[in-house]
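Every read-out reported here was derived from the displayed coordinates using simple, explicitly stated rules and does not represent laboratory data. Just so it is clear, the model here is predicted, and its values are computed rather than measured. A quick note on method: Cβ atoms are made from the backbone with ideal geometry, for glycine too, and the neighbour counts reach across all protein chains shown.
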Amino acid sequence: MFLRGSGNSRGDILSCSDKAPLTSLRRGVDVQLKPAPRPGSMIMTRYYPVDIDMGRHLVILGATGFGKTTLARKIVSTALTRNLFSRIVIFDMTGEYSLFFAGRGYVAIPGIAIAANPLTLPKHRASELLASAIQAASYMYNEDNEGFTFIQLEILERALERLRDTDMQGLYRALDELGQEFRRNDYLNAVAAVRRRIRRLMVRALMRNTLSSDALGSRLLIINMAPLYYLSQVASVTFILTFLELMRGRLNNALIVIDEAHRVLNRYVVGETIIEKLIREGRHDKALLTLITQNPLDLKHNVLDIVGHYVVFKLNGKSAVEASSLLGIDNEELIGLRPLELYYHNTDFTVRAYLLEDGDYDYAEASSTIYRKLLDRINDTNYVRAVIKRFGRALDPVIVPQVLDLGSRLGYDVKSIVEMAIRRDPRYMELLSRVVIGED
């Protein structure tokens, strides 16, 4: 008889002189592991390391600073190293993945290097998508009091049916025509409401269908959503949903990572989004999703139920109660987790483990590859290093070369633009808006 994880060698057999009480033997065996998972290198259980199952959709839950992003980076790095997918797409809400994978993939910023126009979709899908995006934003960001009403949805669908030009001006013209036809106050109010809400989507990131050949050819595509998110939350939600709709045919054997997934897949949205369709049907095309969020209460219950594959870091309060019911454990177990400690659950077992790190990551070194290009007009190495350190690992606030170029044309020097970005100065946000939304 051998005890897995004991200090004994293969030749050490428990003889009669090695008797131990039954309670001691029970304490020495991890009864949660049934059957024993295949050894790996991603997370460490009580006795041996195992890997996260890379052949299934995954939901990662946990409070800020306890390991969600670290695990997601490890999953992507493992997928790249083992060549598990033909394409990996990351929707990066903070810019952190853009830093970490600098030089290993193509980083695209919506409105600058990439765009996705929802009006080019089939009319019924465009209507559903716009309604879902506005509804998600209305609840998550309090941008509206509510989503579309039934009469507003009817107006939107009729306008899309009349659409001749796939741009916002074409949609406005269709809405104006409907306003001329309907004289009832409820319809006129609905036309005005749809026009008001659609106005927020009139950004460059949604007005073209552009994807560079470099982006299309890259195995790893990181979409840095931070600039667009700062300017319009509803436009950022619309972009993600539209991009997935347009790219669906190219997502065979793909891994899709959505950070802050509750922003686009919250439980208040009525109807099925493209993300839910990919969860339900994607495994047939080998399109797998990894959804990352802080609070399980924010996600649709049907998503959590269908996925059934979770990694949970520390949670508190109602979030811990909700997650504990998914795992079948006591919520106090989740509340007591320390940084990098987690519970991993799949159909075979639920096990407590901790995340194996690859060592400290030098974010300053990674970010320097980006800022060296952005700040090459500043002949001051110490200043550049200080800016990198000050900005931190999440590239917050966001600086992009096009903003520096625009500011220079308007008479700002590069250092002034950087300092405005650090202070979140309204003048910098105006420059960013002109670049991303397309007012310039």
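Distant-in-sequence amide contacts of residue 222, defined by a placed amide H-H separation under 5 Å and a gap of 5 or more residues or a different chain, comprise 90, 106, 107, 108. When peptides 159-172, 253-266, 221-234 are ranked by their average number of other Cβ atoms within 10 Å per residue, the highest-first order is 221-234, 253-266, 159-172.
Here's how it looks for residue 287: its modeled amide H is under 5 Å from those of 253, 254, which are all 5 or more places away or on a different chain.
The order of the peptides 305-314, 125-134 by mean Cβ neighbours within 10 Å, most packed first, is 125-134, 305-314. For the stretch 252-313, a simple Cβ point-charge model (Lys and Arg +1, Asp and Glu -1, everything else neutral) yields a dipole of about 80 debye relative to the Cα centre.
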